[in-house]
1. Of the GluC sites (Glu not before Pro) in the stretch 49-120, which ones lie in a loop per DSSP and count no more than 12 other C-beta atoms within 10 Å?
2. Is there a pair in Lys152/Lys260; Lys111/Lys211; Lys91/Lys152; Lys146/Lys260; Lys146/Lys265 whose C-alpha atoms are over 30 Å apart, and which pairs would that be?
3. For the stretch 201-208, just list the computed ³J(HN,Hα) in residue order, Karplus coefficients 6.51, -1.76 and 1.60, θ = phi - 60°, integers in Hz, with x standing in for Gly and Pro.
4. What FRET efficiency comes out for Lys206 versus Leu148 if R0 is 30 angstrom and r is the Cβ-Cβ distance? Round to the nearest 0.05.
5. Give the ranking of Thr38, Thr199 by solvent-accessible surface, highest area first, calculated with a 1.4 Å probe.
6. With every protein chain kept in the model, how would you rank Asp276, Asp108 by accessible area, 1.4 Å probe, largest at the top?
Amino acid sequence: MKKIILIIGIAFLSSSCSKKLYNVEKVEVIPLIDGDQTEWPANTIRSNNNINYAIQQDEDNLYLMVSSFDEQVMKKIMLLGMTYWINTDGKHSKDQGISFPEGIINSDAIKQKFASLKSNGGGFRGRGGMGSMPNIDKNILPDQSKLLENFKGQSENIGLINFSSYDDGQIINFNRNTLDFKSLGIVFDTKLIPGQSFTFEIAIPKRLLKKSTKVKKDTWGIGIATNDPNLELNLPDSSRLDKMPARFKNKLGVSGKLEKINELKALLKPIQFWVDVSALKK
C-alpha cells in the first residue's frame, strides 16, 4: 500500500531575506535513499548557487535531498564539506545539523600548506607599494584525484550536531555500519559522478529532532552551508591588481599568484541558504 506523504520544493533564501512560508504538496511515493536524484520529483527548485534542495516527509521521517551539477560547487563541497541545518523554532540559527561530507580542508596536510599564508597580508609590495604578495604553492589545493579519494573515504561517515542524546554542541561522527548509528534509525546515501553530479540523501526519524515549545506556529528553518575552513588566512586584496593590464602583471611577476589567490578566495567563499518551511508536523 502506498503512503501519502508531503513534499516541499524549496527555493533557497539567504538569512537576510524576509520570511516566506512554503506550503506543501501531496505525493504518493517516497524516493529511495540510494543516492539517485532522478527518483525525486522534477519540481525540485534550483538555486542561484547551482544547488538543488528538496524535502519530503511521512508520519515518522523527514527526507532530505541535496544535489548539484556544477563542477565548481562540487569541488567546494569536497574541499570544505557541508552541513545541513534543521531549526524547529523557525529561526535561521544553527541549532541542529547533519554534516556530510566532512571535507578535506581541515586535514593536517592541508593546514600545513596554508600555514605559510597566515602572516602574509595586504596586496603586492614592491613596485606600487600595495602590501605584500605571498608565495603561493601551486599545489596548495588538492587536485581532483585527491579530492575524490578523500570523499570516497568519507562516504560511509556522517556527523550529527545536537541530536537526541548527543546535544553537547559538538559534531559526533558515526560510521553508518556501526550498531550505535543503526540504532538511531537514520539512513543516508550519496553519489558523486566527477564532473557531472553530486547527490546526498538522508532519512531522519522525527523523534530525533528537537521540538520547540516556544513557537506555536508550524514553521521550521532549514539551511545548507559549507563548513568553516577554520584557517587563519589573510589573503591579499587583489582587486587593484585584477584591473591592471596583463603586460604589467607579467612584468611584476604576479599573474600566476593572482590566479591562485582568486581561486582560493572563490573556493573558500561560503555557501549558505535558509528557507522557511510550513506544515512540517507529525
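1. Passing sites in the stretch 49-120 are Glu59.
2. Check vs 30 Å cut-off fails for Lys111/Lys211; Lys91/Lys152.
3. Result, rounded to whole Hz: 10, 8, 10, 10, x, 5, 5, 8.
4. Efficiency computed from Cβ-Cβ geometry: 0.30.
5. These residues rank, largest area first, as Thr38, Thr199.
6. Asp108, Asp276
The values are calculated or read from the model by the stated rules, or taken from the named source; none is laboratory data. These numbers were taken from a predicted model, which means no experiment stands behind them. Every residue, glycine as well, gets a Cβ built from its backbone with ideal geometry; the counts of neighbours run over all protein chains shown. What goes into the accessible areas is simple: the full protein's heavy atoms, side chains included, and nothing from ligands, DNA or RNA. Shrake-Rupley method; radii C 1.70, N 1.55, O 1.52, S 1.80 Å.
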